[in-house]
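Peer 1: This structure is in structure tokens; I'll ask about it shortly.
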Amino acid sequence: MAKGFVETDSLCREIVKDVRNGIFKPVYLLMGDEPYYVDMVCDAVIENCLDESEKDFNETICYGADVDADTVITAARRYPMFAERQLVVLKEAQMMRSLEDLAIYCQNPLESTVLVIAMHGASADKRKSLYKTVSKMGVVVDSQALRDYEMPKWIGMYYDNKGMSIAPDAAALMAEYAGT
């Protein structure tokens, strides 16, 4: 299983690198039991998609419990005002009853819209059309929870990515006290 979180880590770092360079996919489906990578990618897209001056008219952040699919699709189908693109973020998407209906938009997304669907502690059904469509048209990040035995290696990778190092014994001790 250690291979899984290594792949997820490298995928997320690649997405964040692309986003910082202004390369965006039309749809991001961020899901899984581990919220670290979901939040990392979502925050990077929010920070880099629009300038501060463009956010007032072109950034829509909504929560799954408060909206339905029609509202999200309507927001995503608008055109940006005085900007190159607009951003629509659906947080806590697992709370939305009509989540699967977003597949209609994902089949033909606007080039000027970046849609982020973030699910915490849940995953989209891989057999249904939303997952399949986003896999073709955008990016899917499936962030599975780390096991206890994977934590020391993950801590070592985290330090390496920050340009620091940690001794394996110290990483094991930190993992033992912090847990997953």
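Peer 1: Could we say that Ile73 is touching a residue at least 12 places away in the same chain (Cβ under 8 Å) and either open to solvent by less than 10 Å² (accessible area, probe 1.4 Å) or in a helix (DSSP H, G or I) (or both) here?
Peer 2: When the stated conditions are applied, Ile73 passes them.
Peer 1: Looking only at the stretch 71-82, decide whether some residue is farther than 26 Å from Glu7 by Cβ and of a type in the set (Lys, Arg).
Peer 2: Checked against the condition, which is being farther than 26 Å from Glu7 by Cβ and of a type in the set (Lys, Arg), the stretch 71-82 yields at least one hit.
Peer 1: Let me ask something additional. Tally up the residues in the stretch 53-70 that are acidic (Asp, Glu), outside any strand (DSSP E or B) and within 21 Å of Asn108 (Cα to Cα), please.
Peer 2: 2
Peer 1: Do you know which residues across the stretch 137-180 are surrounded by fewer than 19 Cβ atoms within 10 Å (Cβ to Cβ), part of a loop (DSSP other than H, G, I, E, B) and polar (S, T, N, Q)?
Peer 2: Hits for the stretch 137-180 are Gln144, Ser165, Thr180.
Peer 1: If the requirement is being free of Cβ contacts under 8 Å to residues at least 40 places away in the same chain and touching a Lys or Arg at 6+ places or on another chain (Cβ under 9 Å), which of these qualifies: Ser165, Ser112?
Peer 2: Ser112
Peer 1: Say whether the condition of being of a type outside the set (A, V, I, L, M), in a strand (DSSP E or B) and under 30 Å from Asn161 (Cα atoms) is met by at least one residue in the stretch 31-50.
Peer 2: Yes, the stretch 31-50 contains at least one residue that is of a type outside the set (A, V, I, L, M), in a strand (DSSP E or B) and under 30 Å from Asn161 (Cα atoms).
Peer 1: Turning to a different aspect of this structure: So, in the stretch 91-132, of the ones that are of a type in the set (Ser, Thr, Tyr) and not in a helix (DSSP H, G or I), which residue ends up nearest to the chain's Cα centre (by Cα)?
Peer 2: Filtering first and then ranking leaves Ser123.
Peer 1: State yes or no: is Ala93 out of contact with any strand residue (DSSP E or B) (no Cβ under 8 Å at 6 or more places or on another chain) and not acidic (Asp, Glu)?
Peer 2: no
Peer 1: In addition: Among the residues of the stretch 40-58, is any of a type in the set (Gly, Ala, Ser), open to solvent by 50 Å² or more (accessible area, probe 1.4 Å), at pLDDT below 95 and more than 15 Å from the chain's Cα centre (by Cα)?
Peer 2: So far as the stretch 40-58 goes, yes, one or more of its residues are of a type in the set (Gly, Ala, Ser), open to solvent by 50 Å² or more (accessible area, probe 1.4 Å), at pLDDT below 95 and more than 15 Å from the chain's Cα centre (by Cα).
Peer 1: Please go through the stretch 78-94 and pick out each residue that is under 17 Å from Lys128 (Cβ atoms) and not small (Gly, Ala, Ser).
Peer 2: Leu90, Gln94
The values are calculated or read from the model by the stated rules, or taken from the named source; none is laboratory data. Values in this document were obtained by computation on a predicted structure and should not be read as measured data. Neighbour counts are summed over all protein chains in view; Cβ atoms, including those assigned to glycine, are modelled from backbone coordinates with ideal geometry. Calculation scope for accessible area: heavy atoms of the full protein, side chains included, ligands and nucleic acids excluded. Shrake-Rupley method; radii C 1.70, N 1.55, O 1.52, S 1.80 Å.
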